[in-house]
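What follows is calculated from the coordinates using simple rules that are stated; it is not laboratory data. Values in this document were obtained by computation on a predicted structure and should not be read as measured data. FYI the Cβ positions are ideal-geometry reconstructions off the backbone, even for glycines, and counts take in every protein chain you see.
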Amino acid sequence: MSTFLELDHVTKTFGSQGIFSGGGNVTVAVDDVSLTIDEDEASITTVAGESGSGKTTLSRLLLGSHVPTDGRMLYRGKDFTKLTSRERRNFRREIQPIFQDPFESYNPFYKVDHVLDAPIKNFKLASSKQEKQRMIEDALEMVGLVPEETLGRFPHQLSGGQRQRVMVARALLLKPRVILADEPVSMVDASLRATILDSIRRLNRELGISVIYVTHDLTTAYQISDNIMVMYRGTVVEAGTVDQVIPNPQHPYTKLLIESIPEPDPKNRWGSEPPQQDWDTSDLQIAGCRFADRCPAVMDRCRTTKPAQFLINKHQLTRCFLHEEKGEMTDPDITSTFQTEAETIKAVPVKI
């Protein structure tokens, strides 16, 4: 089974420790994260966490727009920094982003046809105008749009949901191996979210495209994902299948995230969350668990020692001392494979 893309113990920091940088504050946006995207078996993996957890930086690393400070990113087994221009071009075609705000992806002076014409022209995907038109129409129909009602219009003449689905169609034109969807439904009406998420799910099931779904919304993650990685301050604190992690969270942060989801019952009040830490402190000064100052179950060792990852069961692993006795400490160099109850899935494997 071949590997398409791999992050190998990747860390990304911003800032400097030099005397000319205002005291040397360093932000560790991604801290020692490893994951593997398989080429042969597609799945949908959610990267979840609150704002500032490192989701967007991880996305930019996967897209190749950020270079790791430490660790390596491998594309088909080759170090990304050593790719040839042709290999980089293939990489850009095979991993396609869908961004949060669909309107910012358009030039308002061009009709929406332009964003569909450009990838076909740039990557020389069609040999004639007829073939190009057929490809565009097929892609629009795949995401539930009617070509006659979509083409020839300016972005402001389409709804937010239509604009977002056009961007999904654009990604689809390039026949990617991976789609990276960064909060793709947060800017559209709630009634359209199911339609867009269903389009993404169909691409995964029918075309075998792996999806990295970046979100803070655990309800939509549970709806479409096979697996989930929960991040906090750049660290993956829990990972596994959504069927195991969402109903049965093992890390205190994951539990707080799930408890923050409002229930449709006015009699149930939300609980109060522990106060947040002052994040002005340099990340490099945190020796232990990054969640220690907010954790309701914190122990003295949590502030001084970084917890290892513990395998709770074949579906789930977490990074927390609470599971030191009952969990099995895993080798950080072993790629974990998660299984659902109904079927065995070679997930987008995660090494925490």
Residue 300-residue 248 pseudo-label distance in nm [points 7 Å out on the Cα-to-Cβ vector]: 3.4 nm
Using a Förster distance of 45 Å, the FRET efficiency for residue 85-residue 223 (Cβ separation, nearest 0.05): 0.70
Under the Karplus curve 6.51 cos²θ - 1.76 cosθ + 1.60, θ = phi - 60°, whole-Hz ³J(HN,Hα) for the stretch 242-251, x wherever Gly or Pro sits: 5, 5, 9, 6, 5, x, 9, x, 10, 9
Simple spin-label estimate for residue 138 and residue 314 in nanometres, 7 Å along Cα-Cβ: 3.9 nm
The stretch 3-262, relative contact order in percent, only Cα pairs under 8 angstrom and at least six apart counted: 27 percent
For residue 44, distant residues with modelled amide H under 5 Å away: 211, 226, 227
From phi via Karplus (6.51, -1.76, 1.60), per-residue ³J(HN,Hα) for the stretch 107-113 in Hz, x at Gly/Pro: 8, x, 8, 10, 6, 5, 4
Value of D in µm² per second that Stokes-Einstein yields for the stretch 3-262, Kirkwood Rh from Cα pairs, at 25 °C (0.890 mPa s): 126 µm²/s
Residues residue 70 and residue 324, FRET efficiency given R0 of 35 Å [Cβ-Cβ distance, rounded to 0.05]: 0.85
FRET efficiency, 1/(1 + (r/R0)^6) with R0 45 Å, evaluated for residue 121 and residue 189 via beta carbons: 0.90
Linear extension gain, residue 78 paired with residue 51, 0.36 nm per residue minus alpha-carbon span: 6.5 nm
